[in-house]
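Where a number appears in this text, it was derived from the coordinates with a stated rule and is not lab data. Since the model is a prediction, treat every value here as computed from it, not as a measurement. Here the Cβ positions follow ideal geometry from the backbone for every residue, glycine too, while neighbour counts run over all protein chains shown.
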Amino acid sequence: MRVAIIEDDKGDQERLQALLEARAEKKEMTIEIDVYETGEAFRRGFSAGKYEILFFDNYIGRTLGIDLARKARELDPEVAFVFVTMTPDFAVDGYELRTLHYLMKPVTVAGIDEVFRRWTESRPSFHKIIDLKTERETTRVTLDAIEYLEVFNNYCCLHYADGETVKVHSSLDNIMEQLPVADFLRPHRSFALHLPFVAQLENLSFTMKSGAEIPISRRIAAECKRKYIEYLSR
């Protein structure tokens, strides 16, 4: 994924960048971070679809972060905004722009985790793309095409609805943290499934539209069935 930090304080820049890079490494994600120290540099560098998340300081020199965010929102209705601030003075204006979150300085690991939790839950599955590591490279994965995921030793196998499979070097735990919780379900420690591709619910298994059988752990069977019924009721 690609994010931008719009911040004129060097120390705050470096702290936020280090936290983002540490989280990406821990979660086995690929992240690109651009840093803009002035509003003018950001206006030159920004374009629609370029970033998933923008981190704005409230004040960038004489420019207000909220003003830069307004311009960005006019160009890109999907990009997420996070304000990194000493004070929530612009909270009302920020929420009008559908601000994802406010982080108070100094930024913490917990704060960064909350940003990504909110971002993951806010993304509809048909828009969601994540970067995952294969044997030789990083590949961009479109989530709406995934039917189910399966664990094999030290990697996961992504099974697509068209029959294609992709092996990625990531734990299922880490991948699940990047998936829309409303559309994906983990009924067994070795499997996760994409609910739109479920054809039938059996006593202790899901049958997928491809015919694949996904087991359900007895311990969480009732919870899995409840979540599936909730999905069908949406």
### Message
Give me the base-10 log of I(q)/I(0) for the range 126-232 at each q in 0.12, 0.13 Å⁻¹, Debye formula, one uniform scatterer per Cα, rounded to two decimals.
### Response
-0.37, -0.44
### Task
Once you've got the Cα coordinates, tell me which of Lys50/Lys225; Lys26/Lys209; Lys71/Lys227; Lys27/Lys71; Lys26/Lys105; Lys105/Lys227 are over 30 Å apart.
Lys50/Lys225; Lys26/Lys209; Lys71/Lys227; Lys27/Lys71; Lys105/Lys227
### Task
Report the local net charge at Leu232: Lys and Arg +1, Asp and Glu -1, summed over other residues whose C-beta lies under 14 Å from its C-beta.
+2
#### Entry: CD proxy at 222 nm, helix term only [per DSSP H run n ≥ 4: -39500 (n - 2.57); per residue of the chain; nearest 500]
-9000 deg cm²/dmol
### Query
From the backbone phi of the range 161-178, what are the Karplus-calculated ³J(HN,Hα) couplings (6.51 cos²θ - 1.76 cosθ + 1.60, θ = phi - 60°) in whole Hz, Gly and Pro given as x?
5, 8, x, 5, 10, 10, 8, 10, 8, 7, 6, 5, 4, 5, 5, 4, 5, 9
### Query
Can you give the angle from 0 to 90° between the axis of helix 109-122 and the longest principal axis of the chain, with both taken from C-alpha atoms, to the nearest 10?
60 degrees
### Query
Out of residues 5 or more away from Val35 or on other chains, whose amide H comes under 5 Å of its own, with H placed 1.01 Å from N in the peptide plane?
Ile5
### Summary
Expressed in nanometres to one decimal, the distance between label points 7 Å along Cα→Cβ at Ala110 and His169 is 3.4 nm
## Note on the structure
Relative to the chain, whose Cα atoms define the longest principal axis, helix 10-26 and its Cα axis are tilted in degrees, nearest 10, by 10 degrees
### Message
Out of all DSSP beta bridges in the chain, what portion is antiparallel? Express it as a percent rounded to 5.
### Response
60 percent
### Query
Points 7 angstrom from Cα along the Cβ direction at Thr207 and Ala161: gap in nanometres?
1.9 nm
## Note on the structure
Computed over the chain: longest principal axis from alpha-carbon atoms vs helix 221-232 long axis, angle to nearest 10 degrees, is 70 degrees
### Query
Counting Lys +1, Arg +1, Asp -1, Glu -1, what net charge surrounds Asp113 among other residues with beta carbon under 11 Å of its beta carbon?
+3
### Query
Taking all pairs of different Cα atoms in the chain, averaging 1/r and flipping that mean, what Kirkwood radius in angstroms comes out?
19.3 Å
### Task
Count the DSSP beta bridges whose two residues both fall in the range 1-96, then state the antiparallel fraction as a percent rounded to the nearest 5.
10 percent
### Query
Which shape class, rounded, prolate or oblate, goes with the range 2-122 when its Cα gyration tensor gives a ≥ b ≥ c as root eigenvalues, a/c under 1.5 marks rounded, and past that a/b bigger than b/c marks prolate?
rounded
